[in-house]
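Q: Here's a structure for you.
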Amino acid sequence: MFPVARAALNLTARGIQHTAVRQAHRKYEPNFHDKYGNLVLLGGAIVFTAVWGYVFTQAGIEWGLSPVGRITPKEWRE
């Protein structure tokens, strides 16, 4: 391995080790996701269900999932 690359990897690894040691000695403080993550997920699920429930029941969209009677064969051209 080239000396410059080896030195760069050594500095990178040393920096990561120092960061890990520094963070290991800190007290754990909950962040936004720890505090509100489940609440946000539940709120999103409720909104998702409400919107699609409205679309499926009240919007009046004809889904037309069956192609029977809609597809007609065309004449073959040679």
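Q: Please arrange Trp52, Trp76 by accessible surface area, largest first, computed with a 1.4 Å probe and ligands excluded.
A: Result of the area sort, largest leading: Trp76, Trp52.
Q: Next question, about the same structure. State to the nearest 20 debye the size of the charge dipole of region 24-78 about its Cα centre, where the only charges are +1 on K and R beta carbons and -1 on D and E beta carbons.
A: Dipole size: approximately 220 debye.
Q: With every protein chain present, what accessible area does Thr57 have (1.4 Å probe, heavy atoms only), rounded to the nearest 10 Å²?
A: Accessible surface of Thr57 is approximately 100 Å².
Q: Using r as the Cβ-Cβ distance of Tyr54 and His33, and R0 as 30 Å, what FRET efficiency do you calculate, to the nearest 0.05?
A: Result of the calculation: an efficiency of 0.55.
The values are calculated or read from the model by the stated rules, or taken from the named source; none is laboratory data. All values reported here derive from a predicted model rather than from experimental measurement. Cβ atoms come from the backbone with ideal geometry, glycine included; neighbour counts cover every protein chain shown. Side chains are part of the model used for accessible areas, which takes the heavy atoms of the whole protein and leaves out ligands, DNA and RNA. Shrake-Rupley method; radii C 1.70, N 1.55, O 1.52, S 1.80 Å.
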